[in-house]
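The next block holds one structure in the form of structure tokens; read it before the comments.
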């Protein structure tokens, strides 16, 4: 249902955890990540969200997508890299995840 509203494109750069447990998304550093073009709905709206550490931080935009985006990933949109702060999964009535709401 939401897929008809996902009419914008962005590049999703999944984070890869290195041997020290740190997330890296830099293509020049091993392990290499694979960037993927995805369809999104981008809403440039500021709001306060909680990051992985539980701190309140300002999110500049809300992104709706179908892919399994995680905190620590990077979304490239409008010529800029946006780090993913938080992700909420939105389930349907059958309990299956319909889409994700991403705070960047």
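The values are calculated or read from the model by the stated rules, or taken from the named source; none is laboratory data. Computed from a predicted model, the values in this text were never measured in an experiment. Methodologically, a virtual Cβ is constructed for each residue, glycine included, from the backbone with ideal geometry; neighbour enumeration extends over all protein chains shown.
Here are some notes:
- A count restricted to segment 14-26 and to residues that are exposed (fewer than 15 other Cβ atoms within 10 Å of the Cβ) and at pLDDT below 65 stands at 1.
Every residue, every condition in (1) surrounded by 11 or more Cβ atoms within 10 Å (Cβ to Cβ); (2) at pLDDT below 90, yes or no:
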residue: 12; (1), (2): yes, no
residue: 28; (1), (2): no, yes
residue: 33; (1), (2): yes, yes
residue: 37; (1), (2): no, no
residue: 66; (1), (2): yes, no
residue: 72; (1), (2): yes, yes
residue: 84; (1), (2): yes, no
residue: 96; (1), (2): no, no
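- Positions within segment 30-74 being closer than 12 Å to residue 102 by Cβ and in a loop (DSSP other than H, G, I, E, B), in sequence order: 60, 61, 66, 67, 68, 69, 70, 71, 72, 73
- Residues that are within 14 Å of residue 87 (Cβ to Cβ) and surrounded by 15 or more Cβ atoms within 10 Å (Cβ to Cβ) were ranked within segment 39-64; the one that is modelled with the lowest pLDDT is 51.
- Test: residue in segment 75-82 that is assigned to a loop (DSSP other than H, G, I, E, B) and either modelled with pLDDT under 90 or over 11 Å from the mean Cα position of the chain (by Cα) (or both): yes
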